[in-house]
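Undergrad: Have a look at this one before I ask anything.
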Amino acid sequence: MGTKNITDFIVKGINEKKQSQQIIVVTHNPNIVVNTNSEQVIHMEFAGGEINASHSGALQDFEIRDAICDVMEGGREALESRYYRITKALE
């Protein structure tokens with residue numbers, strides 16, 4: 001599924017549903033995390049034959065944003081641009 005389809009269907013659906021219910025999403029796609037303005041992110045890492053939570057928190061947390069930048073297309077510049085739009089919309 002391409003980025004446009006993710007935005008048109010998944011992000012839109014999550015944003016509509018989260019107004020009335022809690023949603024738990026497991027994804028490898030950082031665009032879903034950022035574009036749905038996730039309130040709680042748990043970053044998982046595989047090390048030593050185990051999967052462990054390495055960081056958890058909101059997009060405001062530096063460690064979470066850093067982990068997202070590692071896998072997001074466009075890296076830190078793309079995240080900061082989207083994050084800036086999100087914070088302006090909340091003002």
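Undergrad: Out of Asn29, Asn52, Asn37, I need the residue that is at pLDDT 75 or above, at positive phi and either surrounded by 13 or more Cβ atoms within 10 Å (Cβ to Cβ) or among the polar types (S, T, N, Q) (or both). Which one?
TA: Criteria check complete, one pass: Asn37.
Undergrad: Every residue in the stretch 1-56 that is closer than 15 Å to Ile68 by Cβ, in a strand (DSSP E or B) and of a type in the set (D, E, K, R), please.
TA: Of everything in the stretch 1-56, just one residue is closer than 15 Å to Ile68 by Cβ, in a strand (DSSP E or B) and of a type in the set (D, E, K, R), namely Glu45.
Undergrad: Can you name the residue in the stretch 3-26 that is open to solvent by less than 100 Å² (accessible area, probe 1.4 Å) and aliphatic (A, V, I, L, M) and is also nearest to His43 (Cα to Cα) among such residues?
TA: So, considering only residues that are open to solvent by less than 100 Å² (accessible area, probe 1.4 Å) and aliphatic (A, V, I, L, M), the one nearest to His43 (Cα to Cα) is Val25.
Undergrad: Regarding Met44, is this residue surrounded by 12 or more Cβ atoms within 10 Å (Cβ to Cβ) and at pLDDT 90 or above?
TA: Criteria met by Met44.
The values are calculated or read from the model by the stated rules, or taken from the named source; none is laboratory data. Source: prediction; values computed, not measured. Ideal geometry is used to build each Cβ from the backbone, glycine not excepted, and the neighbour counts take in all protein chains shown. All accessible areas refer to the heavy atoms of the entire protein, side chains included, with ligands and DNA or RNA removed. Shrake-Rupley method; radii C 1.70, N 1.55, O 1.52, S 1.80 Å.
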